[in-house]
Amino acid sequence: MKLESYWTDSAPVFTGADTPLPGRADVAIVGGGFTGLSAALALARRGASVVVLEAGAVASEASGRNGGHVNNGLAVDYATLADKVGRDKAQAWYRAYDAAVDSVAAVVEEEGLDCDFARNGKLKLAVRPAHYDFIARGFERLQKEVDPDVELLDAAGVAAEVASGRYCGGLLMKKSAQMHMGRFAHGLAEAAQRQGARIHTGTTVQRLERKRSAGPHAYTVHTGAGKVEADKVLVCTGATRHGGFGSFGWWRRRIVPVGSFLVVTAPLEARQAELLLPRRRTYTTTENIHNYYRLTPDNRLVFGGRARFAVSSPQSDAKSGEILREALARTFPQLAGVRLDYCWGGLVDMSRDRLPHAGERDGLFYSLGYSGHGTQMSVHMGRIMARVMEGDAAANPWRDLPWPAIPGHFGPPWFLPAVGFYYRMKDKLS
């Protein structure tokens, strides 16, 4: 069982710029995940000189270490959110996720990316009767106000979709999709590079120094490989722990890096895969410490979950892999004993309200806090932030969303074990 991401291990290796850093650029982008690469492509297409600065390899963090889902729908319940912030704002945010899936589809088509993109829908699975009742109460409002295509399934309907006896019903969201994350990342980076963006991997940004005399957004970006003078800077680092706290502390006080872990089986027999998940959707469960899964085109089952409230490391990943092995056997007893070929973890950039946050602060542009729903939103927000940096602030759907710091959070998330205990108790009592 390899302790590495299936997506990056089964994709071509992207070779970035092999020249020294440029002395200046119109835009410097900190982070080579989907947000940064998408923004680089959009800006380079418009003729801007762009440099992407990535501490590791492209998509080596959350963009390449997720479950392979491209889902619409909010990370929070729509009806609850609408009651809190008003129907108009909740509708706009929900539709931003629809637009985000469309953005991924557009990039795949425009650039001819070979990444197994398929729009098969998402099935949200109720593990307990109380969970199904909660989904059912919000279904009519969701269908009426924002998503007429959504469908409520009872236990029999779910049984026809998923060969597991665990579920009481579910919510089918037909706009959702899936893809091979590693091949998408490679294609996206290649496309940005073809348009003229310079992508420097293995280049950690250490400090951002504002140059007020050079313009309202001008910065000197200091890295281990030299410095770049940039007219504008986009910060899209997610939950990364690279770089100093000084320049990035404001965002790190507002993001909790939460581990999410996955295992991938050996290829199943074609008939077994067809019986297991005949519609080949993406699937998520309703627990707080939930599971999510899908099949690959070669019939591997990609099965993930929070597993443990811990950050990713080889030791942590291996422990989480054993927890996921047990969860997989509980969900699909017919797969007990199946060989696991991959196990890995990644960091989710969790915001307190579980909504993305994007805008401008102290002359820096940023987009972060995708809270486990970032595959599609990161690609979308890269394109959106390219427009924002050109002066179209109204394009940003999250522009007026407050983002206070998390009390007591100044560095490593010391409180994660307590959070994990709290959510486990909620799952047991629900």
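Kindly indicate whether any position in the range 338-345 is closer than 21 Å to Lys89 by Cβ, surrounded by fewer than 23 Cβ atoms within 10 Å (Cβ to Cβ), among the basic types (Lys, Arg) and at pLDDT 90 or above. Within the range 338-345, none of the residues are closer than 21 Å to Lys89 by Cβ, surrounded by fewer than 23 Cβ atoms within 10 Å (Cβ to Cβ), among the basic types (Lys, Arg) and at pLDDT 90 or above. Surrounded by fewer than 24 Cβ atoms within 10 Å (Cβ to Cβ) and β-branched (Val, Ile, Thr), is that true of Val76? In short, yes.
Ala57 meets the conditions (1) touching a residue at least 12 places away in the same chain (Cβ under 8 Å); (2) out of contact with any strand residue (DSSP E or B) (no Cβ under 8 Å at 6 or more places or on another chain); (3) in a helix (DSSP H, G or I) in every case but one. The failed one is (3).
Scanning the range 211-233 for residues that are among the hydrophobic types (A, V, I, L, M, F, W, C), in contact with a Leu (Cβ under 8 Å, 6 or more places away or on another chain) and either closer than 30 Å to Tyr342 by Cβ or part of a strand (DSSP E or B) (or both) yields Val221, Val228, Val233. Candidates in the range 31-42 are the residues that are of a type in the set (A, V, I, L, M) and in contact with a Ser or Thr (Cβ under 9 Å, 6 or more places away or on another chain); of these, the one that is nearest to Lys232 (Cα to Cα) is Ala39.
Applying the criterion of being assigned to a loop (DSSP other than H, G, I, E, B) and in contact with a helix residue (DSSP H, G or I) (Cβ under 8 Å, 6 or more places away or on another chain) to the residues of the range 252-294, the residue that is farthest from Ile135 (Cα to Cα) is Leu268.
Scanning the range 80-95 for residues that are of a type in the set (A, V, I, L, M, F, W, C) and either crowded, with 19+ Cβ neighbours inside 10 Å or in a strand (DSSP E or B) (or both) gives Leu81, Ala82, Ala90, Trp93. Any residue at all in the range 136-147 that's touching a Phe, Trp or Tyr at 6+ places or on another chain (Cβ under 8 Å), under 17 Å from Leu37 (Cα atoms) and outside any helix (DSSP H, G or I)? No, the conditions are met nowhere in the range 136-147.
Report yes if Leu208 is in a strand (DSSP E or B), at negative phi and either among the charged types (D, E, K, R) or surrounded by 15 or more Cβ atoms within 10 Å (Cβ to Cβ) (or both), otherwise no.
Spelling it out, Leu208 is indeed in a strand (DSSP E or B), at negative phi and either among the charged types (D, E, K, R) or surrounded by 15 or more Cβ atoms within 10 Å (Cβ to Cβ) (or both).
The values are calculated or read from the model by the stated rules, or taken from the named source; none is laboratory data. Worth saying up front: this structure is predicted, and the values here are computed from it rather than measured. In this analysis, Cβ positions are derived from the backbone assuming ideal geometry, glycine residues included, and neighbour counts consider all displayed protein chains.
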